[in-house]
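Take a look at the structure below.
The values are calculated or read from the model by the stated rules, or taken from the named source; none is laboratory data. As the structure is a computational prediction, the values presented were derived from the model and not from experiment. When we count neighbours, we look across all protein chains shown, and the Cβ atoms used for this are built from the backbone with ideal geometry, even at glycine.
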Amino acid sequence: MVKPPVEPFMIRSVAPIKLLPREERLRRLEEAWWNVFRLRSEDVFIDLLTDSGTGAMSVYQWAALMVGDEAYAGSRSWYRFEETVREVLGVDYVLPVHQGRAAERILYTTLMERRGAKVVPANTHFDTGRAVILNAGGEPIDLPTPEARDPHLRHPFKGNMDLDALESLIKERGPENIAFILFVVTNNTAGGQPVSIDNIKAAREIADKYGIPLVMDICRFAENAYLIKERDPRYASKSIPEIVKEMLKYGDHFIMSAKKDGLANIGGFIATRDQDLYEELAARVVLEEGFITYGGLAGRDLEAIAQGLREVIDEDYLKHRVEQVRYLGELLLERGVPVVEPIGGHAVYVDAAEALPHIPRDKFPADALAAHLYLESGVRAVGLGALAFAREREDGAIEYPPFEYLRLAIPRRTYTNTQLEYVAESLARLLEDPKKVKGLKIVWQPRVKGVRHFLAKLAPAD
Ligand SMILES: *Cc1c(COP(=O)(O)O)cnc(C)c1O
């Protein structure tokens with residue numbers, strides 16, 4: 001029997017949730033076109049759609065909101081935010097934005113334009129970043145480490161990049177055509193798996209050799225640091241702030257969604273070590289987000305993020321965070337549900353292709369599992385597979401992503417261990433009779449590339 005971790009906090013404020021009867025859930029699912037993004041949250045019992053902006057704030061964050069300085073320019077809250085980012089991350093130039101994808105859009109497209117280059121290799125692109133690059137005419141390329149291909153291989157750093165493949169790509173396409181090299185830490189799409197410091201350091205050497213910038217998407221930098229401490233004995237006695245600085249010192253530019261390891265409900269930022277690039281990005285932030293001392297956020301949001309960035313590097317917090325996610329994963333493993341191993345930082349990934357061999361890729365097994373999990377239990381999770389990542393090649397053939405995962409993302413400091421037990425039992429029960437899950441077909445999809453899983457209207461494929 002796996003044991004649940006003890007929470008290093010107490011609950012002082014609660015929000016009631018309600019489980020609708022099954023026939024009601026079926027009605028709501030049909031109204032939502034079998035796409036869980038289209039459900040009302042009121043109709044969801046336990047919401048594991050995302051860990052983005054869905055966490056609980058601490059009493060200190062709520063208190064910080066009250067002292068938010070809402071001045072248009074130069075607010076006190078901005079200075080506190082800037083000082084915190086500099087201190088925690090060790091990066092000098094910071095620009096706030098309304099959320100992570102704005103940071104991605106502004107930084108990625110500026111780098112692509114500056115270098116006149118379109119190819120962007122990554123350990124594995126996340127959906128919003130991929131969509132930004134695609135819509136700017138770029139070419140996102142995934143180069144996950146070969147260990148990531150086997151969901152059951154217990155390798156400590158399956159978030160790593162395949163550096164041999166990176167160097168071959170640079171030689172093949174020419175360094176001048178590579179806009180930047182991207183590390184997503186932790187590697188969200190590939191199972192919330194951590195990236196090792198050795199891998200980032202070696203990529204830095206390649207970046208220097210060919211004169212290519214190295215960008216890091218640090219949405220889950222604290223979780224990555226904690227997993228390094230756990231899994232790499234050389235860092236076992238180092239503090240989390242030390243590991244964070246060591247990990248980030250190899251990057252040139254950074255994007256962050258404060259909705260993840262900022263422990264806030266909204267916000268994000270760009271950070272860079274390059275003053276010249278900073279000036280260019282600052283002008284774009286003014287044009288697209290807001291003045292550089294608020295970037296589309298309220299002063300109180302900047303306060304909540306600054307406080308969150310200090311809390312997120314607390315080791316007691318991180319230990320509970322990572323262990324709670326692992327608890328859900330181990331409950332599922334115990335019940336024979338195929339999950340990606342080892343369990344990553346923020347979510348448990350169920351291998352929907354393995355769990356549902358009767359559903360072909362073009363009937364979207366991961367998204368079908370998400371819809372049926374809601375139907376059978378009121379639990380909302382998200383599919384990360386063909387619906388999100390399949391691509392039509394120029395010759396018309398469909399290129400499928402290497403994975404078909406149902407992601408159960410755990411909001412921070414939000415659900416109890418008992419609620420996660422309910423999730424594990426519900427999913428295990430559903431998969432006792434996998435044929436109950438039927439494939440889906442697309443009824444409607446948007447024209448914009450890379451966002452169809454958010455908006456598609458689906459129906460049972462029969
Ligand atoms: C959430 C996320 C983003 C985008 O951030 P938003 O705040 O949702 O716009 C980018 N990269 C990764 C890895 C993320 O998890």
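Observations on the model:
- Leading residue by the ranking (surrounded by the most Cβ atoms within 10 Å (Cβ to Cβ)) among those in segment 437-462 that are charged (D, E, K, R) and modelled with pLDDT of 95 or more: LYS438
- The C-beta contact set for segment 203-225 (first residue within 18 Å of VAL91 (Cα to Cα), second residue part of a loop (DSSP other than H, G, I, E, B) and away from the ligand (no atom under 16 Å from the Cβ), distance under 7 angstrom, 6+ apart or interchain) comprises ARG204/TYR250; PRO213/ASP252; LEU214/TYR250; LEU214/ASP252; VAL215/ASP252; ALA222/ILE313.
- Listing of helices (runs of 4 or more DSSP H) fully contained in segment 259-364 that carry 1 or more residues being of a type in the set (Lys, Arg) and buried (at least 24 other Cβ atoms within 10 Å of the Cβ): 315-334
- When residues of segment 242-258 are limited to those that are more than 15 Å from the ligand (Cβ to nearest atom) and either surrounded by fewer than 18 Cβ atoms within 10 Å (Cβ to Cβ) or hydroxyl-bearing (Ser, Thr, Tyr) (or both), the one nearest to ALA298 (Cα to Cα): LYS245
- Some residue of segment 190-201 being out of contact with any strand residue (DSSP E or B) (no Cβ under 8 Å at 6 or more places or on another chain), surrounded by fewer than 24 Cβ atoms within 10 Å (Cβ to Cβ) and β-branched (Val, Ile, Thr): yes
- Which listed residue is at pLDDT 95 or above and either in contact with a strand residue (DSSP E or B) (Cβ under 6 Å, 6 or more places away or on another chain) or part of a loop (DSSP other than H, G, I, E, B) (or both), from LEU375, LEU369, LEU427, LEU431: LEU369
Rundown of residues vs (1) more than 16 Å from the ligand (Cβ to nearest atom); (2) part of a helix (DSSP H, G or I), yes/no style:
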| position | (1), (2) |
| --- | --- |
| TYR108 | no, yes |
| LEU111 | no, yes |
| VAL132 | no, yes |
| GLY137 | yes, no |
| ILE141 | yes, no |
| GLU147 | yes, yes |
| HIS152 | yes, no |
| GLU167 | yes, yes |
| LYS171 | yes, yes |
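- Checking segment 55-66 against the condition returns no match, with no residue being hydrophobic (A, V, I, L, M, F, W, C), closer than 23 Å to CYS219 by Cβ and touching a strand residue (DSSP E or B) at 6+ places or on another chain (Cβ under 8 Å).
- For segment 113-130, taking the residues that are of a type in the set (D, E, K, R) and part of a helix (DSSP H, G or I), the one that is surrounded by the fewest Cβ atoms within 10 Å (Cβ to Cβ) is identified as GLU113.
- Taking (1) farther than 19 Å from ILE313 by Cα; (2) within 16 Å of the chain's Cα centre (by Cα) in turn, PRO213 satisfies each apart from (2).
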